[in-house]
1. Only residues that are over 13 Å from the mean Cα position of the chain (by Cα) and either closer than 22 Å to B:Leu9 by Cβ or not in a loop (DSSP other than H, G, I, E, B) (or both): list them for segment B:24-57, please.
2. Can you tell me which residue in segment B:22-39 is most open to solvent (accessible area, probe 1.4 Å), limited to those that are more than 9 Å from chain A (Cβ to nearest Cβ) and closer than 15 Å to B:Gly82 by Cα?
3. Give the residues of segment B:64-110 that are away from chain A (no Cβ under 14 Å) and hydroxyl-bearing (Ser, Thr, Tyr), sorted by residue number.
4. Residues that are surrounded by 21 or more Cβ atoms within 10 Å (Cβ to Cβ) and small (Gly, Ala, Ser): list the strands (runs of 3 or more DSSP E) wholly contained in segment A:28-113 that include at least 3 such residues.
5. Output the number of the condition that A:Gly42 fails; it satisfies all remaining conditions of (1) under 17 Å from A:Thr5 (Cα atoms); (2) in contact with a Cys (Cβ under 9 Å, 6 or more places away or on another chain).
6. If you check B:Glu15 against the conditions, is it open to solvent by 50 Å² or more (accessible area, probe 1.4 Å) and touching a Pro at 6+ places or on another chain (Cβ under 8 Å)?
7. Restricting attention to segment B:41-62, and to residues there that are more than 18 Å from B:Leu21 (Cβ to Cβ) and within 14 Å of chain A (Cβ to nearest Cβ), which single residue is surrounded by the fewest Cβ atoms within 10 Å (Cβ to Cβ)?
Amino acid sequence: NAGVTQTPKFRVLKTGQSMTLLCAQDMNHEYMYWYRQDPGMGLRLIHYSVGEGTTAKGEVPDGYNVSRLKKQNFLLGLESAAPSQTSVYFCASSYDRENYGYTFGSGTRLTVV
Amino acid sequence: EDKVVQSPLSLVVHEGDTVTLNCSYEVTNFRSLLWYKQEKKAPTFLFMLTSSGIEKKSGRLSSILDKKELSSILNITATQTGDSAIYLCAVDNQGGKLIFGQGTELSVKP
């Protein structure tokens, strides 16, 4: 049971480049989330999904897009990367709205130069 | 706007000390408060609190919720170097997602 797997683990992008971060879970969870973590700011929600085919904006959605075409996968896209998007990105999933113990991925460290 | 605030933001103690971490919240529809420990990578779940005044305990860690004061504390007794981590507080506002505080970075020196 792999839990939540994020790829890639590290990436360096040039300003203006695009990329997609992949989150995959094998726990049949309905809810999936993308957070970014910056020093002194905790985890801030970018986008989330309450089921296959659905997405919603979180606290800091600008500059990002997401898709949930399959229940087990949640993709986070950066169309035109900016230095302000340098961060550590975490994906998480949960079974239902009770939010009991999100399962987190191990994170993706992204640097935009 | 819903908000979660943790204090202190960082803390340095010596092994054997007892520490108290604070979390306060302002949310419109409170469901539960959760504590996580984050070492090098992904946060790991510690406690979920829904009722005021009932202490949750796991080994040397304990936590309690005060709904009147809109706050929670996380206590760690007899700290060890392995307790060094970022401790995150999060609140479920019944919107299908968690709102996190800034985190408290705890460093335990030998």
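1. The answer is B:Glu26, B:Val27, B:Glu39, B:Lys40, B:Lys41, B:Ala42.
2. Taking segment B:22-39 first, the residues more than 9 Å from chain A (Cβ to nearest Cβ) are B:22-30, B:33, B:35, B:37, B:39.
Keeping just the survivors that are closer than 15 Å to B:Gly82 by Cα gives B:37, B:39.
Details: B:Lys37: 31, B:Glu39: 110 Å².
Per the stated criteria, the residue is B:Glu39.
3. Applying the first criterion (away from chain A (no Cβ under 14 Å)) to segment B:64-110 yields B:64-84, B:106-110.
Passing the criteria: B:Ser71, B:Ser72, B:Thr77, B:Thr79, B:Thr81, B:Ser84, B:Ser107.
4. On the way: elements: A:31-37, A:43-49, A:64-67, A:73-78, A:87-94, A:108-112.
The qualifying strands (runs of 3 or more DSSP E) are A:87-94.
5. (1)
6. Working: open to solvent by 50 Å² or more (accessible area, probe 1.4 Å): yes; touching a Pro at 6+ places or on another chain (Cβ under 8 Å): yes.
In short, yes.
7. Restricting to residues being more than 18 Å from B:Leu21 (Cβ to Cβ) and within 14 Å of chain A (Cβ to nearest Cβ), the top hit is B:Lys41.
The values are calculated or read from the model by the stated rules, or taken from the named source; none is laboratory data. This structure is a prediction, so every number in the text was calculated from the model and none was measured. Glycine also receives a Cβ, built like all others from the backbone with ideal geometry; neighbour counts cover every protein chain displayed. Side chains are part of the model used for accessible areas, which takes the heavy atoms of the whole protein and leaves out ligands, DNA and RNA. Shrake-Rupley method; radii C 1.70, N 1.55, O 1.52, S 1.80 Å.
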